[in-house]
Amino acid sequence: MKFNLGCQLHYTIPQPSTLVFNIQVLNNDCQKICQESLQIDPQLDTDEFGSPYGEGRYFRVNAPAGNLQVSYEATVDIDHFYANPDEISEVPPADLPLEIIPLLYPSRYCESDQLLQLAQSEFGELEPGYSRVTGICNWIYDKVKYLSGSTDSQTSAYQTAIERAGVCRDFAHLGIALCRALNIPARFFAGYAWGLNPPDFHACFEAYLGNRWYLFDPTRLVPQTGIIRIATGRDAADVSFATIFGPAQMERMQLFVEPLGETGTAKQEPPPYTTAAIAIS
């Protein structure tokens, strides 16, 4: 399935500032970049680097005072991996690849150590495997109200569990923390999403099951087949779409995601719904 996507970010910069952006999609076995372009106005040099904590393509811009516009566009071909949820098991810590072990630990926004009792009482008796992570997502969807403006950039999974309101970022953090509390590795997923209204960057999470990362979205705002990966990390602190060092002020942000038919024209029907487990890495 192909998507054309992109964003435009406009900033006013009263004095020289450094901005680190994380808006480019990833290229992997399931997600292929057909073409892409990145434009910066005024033309400035960029320094590119990868994520030390997960997956991502970051670039740094040292901007002078004035206006800054960053425009990114890409065409991406997604070849989803589908599996039978009933056949996906949890991997005990003793058998996890060593590079996965850190994603069992608490992190800044995912205090799994403070949610052990909640995780055990609500999900400890569920059958281990893909269905248990699905149970976590169902619980979040039922118990936490999706409410724009109810949280801020400092809200953590523990706070969301208490206050029972949040946005996609908070839903993802809570899902990650509850998984880790049950010894299921989990990581934050930032991406573009078709059908999100209003258009914005979207957050969900992946859980490591059956020796593969599977995608979960407790918000249910968009079908999982309409989500395109930008980056993954321990939590949102690792994958912010923009990190600003200085007094730069965002004035406007525009995003678009359009699925393409075989002829390259935009498709209007929604992406296919599936009950299968989905992976895009």
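Each value in this text was obtained by applying a stated rule to the coordinates, not by laboratory testing. Computed from a prediction, not measured in an experiment: that's the story for all the values here. Glycine also receives a Cβ, built like all others from the backbone with ideal geometry; neighbour counts cover every protein chain displayed.
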Order of TRP213, TRP139 under a 10 Å beta carbon neighbour criterion, fewest first: TRP139, TRP213
Please order SER121, SER71 by the number of other Cβ within 10 Å, starting at the fewest. SER121, SER71
If I take R0 = 25 Å and measure r between the Cβ atoms of THR46 and ARG252 in this structure, what FRET efficiency does the formula 1/(1 + (r/R0)^6) give, to the nearest 0.05? 0.75
Over the chain, with a Gaussian network built from C-alpha contacts below 10 Å, which listed residue (GLN43, GLN69, GLN254) shows the highest mean-square fluctuation? GLN43
How far apart, in nm, are the 7 Å Cα→Cβ label points at ASP113 and THR18? 3.0 nm
For region 157-222, just say rounded, prolate or oblate: build the C-alpha gyration tensor, square-root its eigenvalues into a ≥ b ≥ c, call rounded for a/c under 1.5, and beyond that prolate if a/b exceeds b/c, oblate if not. oblate
What shape does region 32-151 have by the C-alpha gyration tensor, where a ≥ b ≥ c are the square roots of the eigenvalues, rounded means a/c under 1.5, and otherwise prolate means a/b greater than b/c and oblate the rest? prolate
Taking 45 Å as R0, compute the FRET efficiency from the Cβ-Cβ separation of LYS143 and GLN69 and round it to 0.05. 0.65
Comparing LEU126, LEU98, LEU215, which has the greatest mean-square fluctuation in the GNM of the chain with Cα pairs linked when under 10 Å apart? LEU98
Contour excess over end-to-end distance, with Cα ends at ASP79 and GLN39 and 0.36 nm allotted per residue: 11.7 nm
Region 179-238, relative contact order [Cα under 8 Å, separation at least 6], %: 39 percent
Please tell me the relative contact order of region 13-121 in percent, rounded to the nearest whole number, where contacts are Cα pairs under 8 Å and at least six residues apart. 30 percent
For the chain, what class follows from the C-alpha gyration tensor (a ≥ b ≥ c being the square roots of its eigenvalues): rounded when a/c is under 1.5, otherwise prolate if a/b is larger than b/c, else oblate? prolate
Given the peptides 172-181, 99-108, 5-14, 188-197, arrange them by the average over their residues of other C-beta atoms within 10 Å, most packed first. 172-181, 188-197, 5-14, 99-108
Taking the chain and counting helices only, DSSP H stretches of n ≥ 4 at -39,500 (n - 2.57) each over all residues, the nearest-500 ellipticity at 222 nm comes to -4500 deg cm²/dmol
List the relative contact order of the chain as a percent without decimals, with contacts defined as Cα pairs under 8 Å and 6+ residues apart. 29 percent
Where does each of ARG229, ARG252, ARG57 land when they are ranked from fewest to most other beta-carbon atoms within 10 angstrom? ARG252, ARG57, ARG229
